[in-house]
Amino acid sequence: MSGSWRIGTLMGIGVYIHWTFLILLAWVGLTHYTQGNDLADAMHGLVFVVALFSIIVLHELGHALAARRYGIPTRDITLLPIGGVAQLERMPEDPKQEFVVAIAGPAVNMVLAILCVLGILLLVGAANFFAALAEGAGELGFLYENHERMPFLSEIPLLGVDFLAKMLIVNVTLAVFNLVPAFPMDGGRILRSLLALKIDYVRATQAAASVGQAMALLFGFLGLFFNPFLVFIALFVWMGAASESSMVQAKAGLRGVPLTHAMITQFRTLVPEDEIGTAASHAVIGFQHDFPVLEEGRVVGVLTKSDLLRSLAAEGVHQSVSSVMRRDFETVDPADMLETVFDKLQTCECQAIPVIRDGQLFGIVTMESVGRFLAIQKAVRRSGRG
């Protein structure tokens with residue numbers, strides 16, 4: 001994801017932090033400092049946020065490791081102010097596998113919640129803990145004042161009862177929220193996997209998306225009267241459900257279709273010695289944004305639209321194509337299926353892929369060409385004529 005920095009690797013998966021997460025850290029620290037007028041309060045607030053997002057990383061890691069079990073790699077995990085995102089190469093379409101991958105995240109939160117409960121029991125004793133629950137305490141932090149078993153542990157911020165109580169509440173909240181049966185939350189995928197055991201995958205997705213949009217309407221209605229943040233969640237859920245449904249329908253329309261049905265065969269190519277201005281001229285007068293670069297008839301690079309514009313802004317029109325083109329690029333074979341190519345277009349973060357066999361360039365395929373094929377296919381199906 002653009003605007004993200006790598007902060008480490010966990011179980012072989014890169015962990016990134018988006019620049020907007022730093023704004024959240026600064027805001028939380030400033031809020032705690034101004035409210036408490038104390039640097040210690042600011043530090044406690046920052047520690048809480050870091051602990052919260054560590055929990056989110058572990059949640060996403062649960063998804064990633066479950067997917068790895070089925071041979072599905074995870075590209076990275078990125079921290080955002082609204083949570084975390086594990087970029088799986090794909091979601092399994094086998095209902096049982098999708099269920100396992102989807103439930104793995106909330107399962108991690110429940111395990112962490114149990115560990116928090118055990119920690120609190122260790123500090124305050126079972127009798128005080130269950131007495132507090134019986135009294136209907138909203139939070140367990142006040143037990144910090146009453147426990148006598150191991151008072152020295154409470155002096156360590158990350159082992160204090162108040163901190164563990166907050167982490168308990170966070171984990172239970174995350175688990176429950178993610179189990180809401182609405183895309184893009186885990187509960188939406190769990191619901192689809194269960195439905196897909198009885199009906200086909202596309203209908204299961206449509207049914208789960210409908211349930212999710214009904215939940216969105218409920219969130220939006222409640223948000224108007226109780227909490228405006230629920231309106232934001234409603235929009236998030238509604239768009240997620242619509243996006244998932246559209247994506248699955250698109251992939252269903254591509255299943256069993258050869259790549260050649262959506263391959264572009266009339267296009268421009270460049271040579272390494274061409275100037276960037278030549279590519280810009282082709283882009284202006286035609287539909288093409290990305291250009292294969294040929295040398296002695298073989299593809300040696302791809303000039304993308306983003307690289308073209310960046311070069312024009314920095315160096316002008318006279319820079320050579322060879323100094324700007326990408327030499328590391330994806331390729332597909334003319335015999336590939338369009339569904340596979342569509343997945344590759346999504347995961348490679350590229351707009352165009354050359355179609356090559358035995359070094360010979362047959363064509364290019366882009367998201368736009370796939371989209372045109374789907375639009376034509378949909379129109380033909382509506383007409384009832386093949």
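The values are calculated or read from the model by the stated rules, or taken from the named source; none is laboratory data. This structure is a prediction, so every number in the text was calculated from the model and none was measured. FYI the Cβ positions are ideal-geometry reconstructions off the backbone, even for glycines, and counts take in every protein chain you see. Heavy atoms of the whole protein, side chains included, go into the accessibility calculation; ligands, DNA and RNA do not. Shrake-Rupley method; radii C 1.70, N 1.55, O 1.52, S 1.80 Å.
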Among the listed pairs Lys344/Lys378; Lys96/Lys166; Lys305/Lys378; Lys96/Lys251, which have their C-alpha atoms separated by more than 25 angstrom in this model?
Lys96/Lys166; Lys305/Lys378
Rounded accessible area per residue of region 308-349, 1.4 Å, Å²
58 Å²
Would you kindly state how much longer the chain becomes between Leu30 and Met367 on full extension, computed as 0.36 nm times their sequence separation minus their alpha carbon distance, in nm to one decimal?
116.9 nm
Could you check how much of the accessible area of region 236-298 is carbon and sulfur, as a whole percent, using a 1.4 Å probe?
53 percent
Give, as ranges by residue number, the residues of region 48-74 whose backbone N falls under 11 Å from the point 7 Å along Cα→Cβ of Asp94.
69-72
Given the peptides 357-363, 304-310, 368-374, 107-113, arrange them by the average over their residues of other C-beta atoms within 10 Å, most packed first.
107-113, 368-374, 304-310, 357-363
Could you give the Stokes-Einstein D for region 286-377 in µm² per second, using the C-alpha Kirkwood radius, 20 °C, 1.002 mPa s?
152 µm²/s
Roll a 1.4 Å probe over the protein chains and send me the accessible area per residue for region 186-226 in Å².
52 Å²
How large is Rg over Rh for region 208-261, taking Rg from the Cα atoms and Rh as the Kirkwood inverse mean of 1/r across Cα pairs?
1.27
Would you mind estimating how fast region 181-231 diffuses translationally, via Stokes-Einstein at 4 °C and 1.567 mPa s with the Kirkwood radius over Cα pairs, in µm²/s?
115 µm²/s
For Leu217 and Gln377, what is the calculated FRET efficiency with R₀ set at 22 Å and r taken between the beta-carbons, to the nearest 0.05?
0.10
Cβ-derived FRET efficiency at R0 51 Å, Leu121 paired with Thr278, nearest 0.05:
0.10
Calculate, for Ala207 and Thr340, the FRET efficiency according to 1/(1 + (r/R0)^6) with r their C-beta to C-beta distance and R0 22 Å; round to the nearest 0.05.
0.25
Along the Cα-to-Cβ line of Arg326, 7 Å from the Cα, sits a label point; which residues in region 333-347 have backbone N less than 18 Å from it?
333, 341-347
Given N residues in region 178-304, what is its alpha carbon radius of gyration divided by 2.2 N^0.38 Å?
1.64
